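Structure, as structure tokens:
The values are calculated or read from the model by the stated rules, or taken from the named source; none is laboratory data. Predicted, not measured: the structure shown is a model, and the values here were computed from it. Note that each Cβ is placed from the backbone with ideal geometry, even for glycine, and that neighbours are counted across all protein chains shown. These area figures cover heavy atoms from the full protein model, side chains too; ligands, DNA and RNA do not enter into them. Shrake-Rupley method; radii C 1.70, N 1.55, O 1.52, S 1.80 Å.
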Amino acid sequence: VIKCKAAVMWEANKPFSIEEVEVAPPKAHEVRIKIVATGICRSDDHVITGGLVMPFPIILGHEAAGVVESVGQGVTSVKPGDKVIPLFVPQCGECNSCLSTKGNLCSKNDLGSGAGLMPDGTTRFTCKGKAIHHFIGTSTFTEYTVVHESAVAKIDSAAPLEKVCLIGCGFSTGYGAAVQTAKVEPGSTCAIFGLGGVGLSVVMGCKAAGASRIIAVDINSDKFAKAKELGATDCVNPKDFKKPIHEVLIEMTGHGVDYSFEVIGRTETMTAALACCQYNYGVSVIVGVPPAAQKITFDPMLLFTGRTWKGSVFGGWKSKDSVPKLVADYMKKKFVLDPLITHTLPFTKINEGFDLLRTGK
């Protein structure tokens with residue numbers, strides 16, 4: 001058993017508490033990882049506010065990179081000392097989605113069920129004698145974590161962990177939504193709703209795919225300079241207009257965009273993104289985590305005319321196969337990650353990090 005520091009979330013809408021936790025050794029087919037760097041993602045915050053329902057107490061965090069400390073019986077894909085990225089979407093290689101070329105959302109994921117436990121139904125974390133839940137099979141807001149072998153990818157030993165941790169969620173999710181899920185083509189027009197780290201990664205994906213026009217949409221104009229630096233051709237603040245934003249985008253393009261992306265997780269922007277894409281062959285992709293217990297009401301004529309509405313989890317990448325390749329592409333300078341990193345804080349200042357996230361900084 002390893003004793004180490006972790007940021008425990010005891011209950012909703014409270015700050016993280018830095019606690020000493022006990023991390024049990026890995027069981028068969030499990031891997032214990034020393035976390036070196038972790039990113040803060042809005043999906044972690046959604047758990048705190050109740051938008052994404054998970055059991056408390058819990059150790060959040062799902063975007064990280066680290067080094068294997070030890071492995072359980074039967075583990076073959078990694079060994080102690082390997083640099084790795086934990087995978088919140090595992091790849092078991094056996095379920096329908098894993099076996100299909102069309103899918104990537106392995107049935108062994110804990111996104112839908114929200115059990116907050118290892119695949120065997122137990123936890124590896126204890127604090128003050130209480131069992132602490134895992135978060136989507138990763139739990140990276142801790143110095144050590146345990147994941148299933150299907151939820152970890154070995155990466156290049158030369159990769160800078162404080163950068164490539166973003167490939168564990170934000171970058172891959174956004175970039176893949178453009179190049180994998182939407183399959184943006186050269187010369188096409190795109191609109192991206194929400195310019196956080198994931199939205200900016202969508203912008204990068206659209207640019208890499210050769211889109212001729214990339215319209216970035218956010219109510220925070222402070223985000224526009226970075227969006228332009230990464231490839232946005234136009235930036236639009238819905239607050240600057242009296243009319244609905246989808247009408248603004250249709251006027252700007254003449255017929256609506258070829259591809260739109262909702263990267264916020266709000267039902268109003270999901271329907272606006274659908275409505276702003278071309279009525280017959282437009283494709284709209286939902287990338288932001290939808291809020292719990294909210295439903296969407298929309299005019300079915302929006303779909304009848306031919307639009308496609310689809311979702312994308314982890315950018316459509318098959319995680320265990322793709323993460324090492326994405327890290328290799330980063331090492332070959334095929335894309336940048338530095339512009340997505342605004343602040344670097346010590347682990348004990350995690351609450352300040354969330355304040356920066358919530359204030360759009």
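Only one residue in Val287, Val336, Val283, Val327 is among the β-branched types (Val, Ile, Thr), assigned by the TED database to the domain that holds Glu94 and either closer than 22 Å to Ile245 by Cβ or open to solvent by 20 Å² or more (accessible area, probe 1.4 Å) (or both), so which one is that?
Working: Val287 fails: assigned by the TED database to the domain that holds Glu94; Val283 fails: assigned by the TED database to the domain that holds Glu94; Val327 fails: either closer than 22 Å to Ile245 by Cβ or open to solvent by 20 Å² or more (accessible area, probe 1.4 Å) (or both).
That would be Val336, the only listed residue that is among the β-branched types (Val, Ile, Thr), assigned by the TED database to the domain that holds Glu94 and either closer than 22 Å to Ile245 by Cβ or open to solvent by 20 Å² or more (accessible area, probe 1.4 Å) (or both).
I'd like to check something: does segment 147-157 contain any residue that is closer than 19 Å to Ala216 by Cβ, more than 14 Å from the chain's Cα centre (by Cα), in a loop (DSSP other than H, G, I, E, B) and polar (S, T, N, Q)? Don't jump to the end; show me each part of the working.
Step one: list which residues in segment 147-157 are closer than 19 Å to Ala216 by Cβ, which gives none.
No, there is no match, as no residue in segment 147-157 is closer than 19 Å to Ala216 by Cβ, more than 14 Å from the chain's Cα centre (by Cα), in a loop (DSSP other than H, G, I, E, B) and polar (S, T, N, Q).
With aliphatic (A, V, I, L, M), within 23 Å of Thr305 (Cα to Cα) and in contact with a Gly (Cβ under 7 Å, 6 or more places away or on another chain) as the only criterion, which of Val263, Val257, Val248 stands out?
Val257
Applying the selection to segment 44-54, what residues are open to solvent by 10 Å² or more (accessible area, probe 1.4 Å) and under 23 Å from Glu149 (Cα atoms)?
Scanning segment 44-54 gives a single hit, Met54.
Out of (1) touching a helix residue (DSSP H, G or I) at 6+ places or on another chain (Cβ under 9 Å); (2) more than 26 Å from Cys106 (Cα to Cα); (3) of a type in the set (S, T, N, Q), the odd one out for Ser172 is which?
The failed condition is (2).
Could you grab me the full set of residues in segment 98-110 that are surrounded by 18 or more Cβ atoms within 10 Å (Cβ to Cβ) and either out of contact with any Cys (no Cβ under 6 Å at 6 or more places or on another chain) or not in a loop (DSSP other than H, G, I, E, B) (or both)?
Cys98, Asn104, Leu105, Asn109, Asp110
So, restricting to helices (runs of 4 or more DSSP H) that lie completely within segment 276-361, which ones have at least 1 residues that are within 25 Å of Val53 (Cα to Cα)? If you could, list the steps in order and put the result at the bottom.
Values: elements: 301-304, 319-331, 350-358.
It comes to 319-331, 350-358.
Select from segment 219-247 the residues that are among the charged types (D, E, K, R), under 11 Å from Leu195 (Cβ atoms) and in contact with a Lys or Arg (Cβ under 9 Å, 6 or more places away or on another chain) and list them in ascending order.
The initial filter retains those residues of segment 219-247 that are among the charged types (D, E, K, R), namely 222-223, 226, 228-229, 234, 239-240, 242-243, 247.
With the extra rule that they be under 11 Å from Leu195 (Cβ atoms), the set shrinks to 222-223, 226, 228.
Selection gives Asp222 alone.
Just the residues that are farther than 16 Å from Ala272 by Cβ and in contact (Cβ under 8 Å) with a residue 40 or more places away in the chain, please, taken from segment 214-229.
Restricting attention to segment 214-229, the residues satisfying the condition of being farther than 16 Å from Ala272 by Cβ are 214, 220-229.
Of everything in segment 214-229, those that are farther than 16 Å from Ala272 by Cβ and in contact (Cβ under 8 Å) with a residue 40 or more places away in the chain turn out to be Asn220, Asp222, Lys223, Lys226, Glu229.
Can you tell me how many residues in segment 227-253 are assigned to a helix (DSSP H, G or I) and surrounded by 17 or more Cβ atoms within 10 Å (Cβ to Cβ)?
We begin by selecting, within segment 227-253, every residue assigned to a helix (DSSP H, G or I); these are 227-229, 238-240, 245-253.
If we keep only those that are surrounded by 17 or more Cβ atoms within 10 Å (Cβ to Cβ) as well, we get 227, 238, 245-246, 248-250, 253.
Number of matching residues: 8.
Within segment 180-208, track down each residue that is open to solvent by 20 Å² or more (accessible area, probe 1.4 Å), without any contact (Cβ under 8 Å) to a residue 60 or more places away in the chain and on the phi < 0 side of the Ramachandran plot.
Across segment 180-208, the qualifying residues are Pro186, Lys207.
Looking at (1) touching a strand residue (DSSP E or B) at 6+ places or on another chain (Cβ under 7 Å); (2) without any contact (Cβ under 8 Å) to a residue 40 or more places away in the chain; (3) of a type in the set (S, T, N, Q), can you tell me which one Asn13 breaks?
Tallying (1) touching a strand residue (DSSP E or B) at 6+ places or on another chain (Cβ under 7 Å); (2) without any contact (Cβ under 8 Å) to a residue 40 or more places away in the chain; (3) of a type in the set (S, T, N, Q), Asn13 fails exactly one: (1).
In contact with a helix residue (DSSP H, G or I) (Cβ under 6 Å, 6 or more places away or on another chain), crowded, with 24+ Cβ neighbours inside 10 Å and in contact (Cβ under 8 Å) with a residue 12 or more places away in the chain: is that true of Gly137 in this structure? Before the answer, list the steps.
Details: in contact with a helix residue (DSSP H, G or I) (Cβ under 6 Å, 6 or more places away or on another chain): yes; crowded, with 24+ Cβ neighbours inside 10 Å: yes; in contact (Cβ under 8 Å) with a residue 12 or more places away in the chain: yes.
Here the answer is yes, as Gly137 does meet what is asked.
Under 9 Å between Cβ atoms, which residue pairs at least 6 apart in sequence (or on different chains) link something in segment 27-50 that is on the phi > 0 side of the Ramachandran plot with a partner that is among the polar types (S, T, N, Q)?
His29/Gln73; His29/Ser150; Gly50/Asn13
Of all residues in segment 254-263 being in contact with a helix residue (DSSP H, G or I) (Cβ under 8 Å, 6 or more places away or on another chain), within 23 Å of Gly176 (Cβ to Cβ) and of a type outside the set (A, V, I, L, M), which is most open to solvent (accessible area, probe 1.4 Å)? So that I can check it myself, show each step before the final result.
Here is the first cut: in segment 254-263, the residues in contact with a helix residue (DSSP H, G or I) (Cβ under 8 Å, 6 or more places away or on another chain) are 256-257, 259-263.
Checking which are within 23 Å of Gly176 (Cβ to Cβ) leaves us with 257, 259-263.
Now narrow it down to the ones that are of a type outside the set (A, V, I, L, M): 259-262.
Numbers: Tyr259: 17, Ser260: 0, Phe261: 0, Glu262: 1 Å².
Step by step, filter segment 254-263, then rank; the result is Tyr259.
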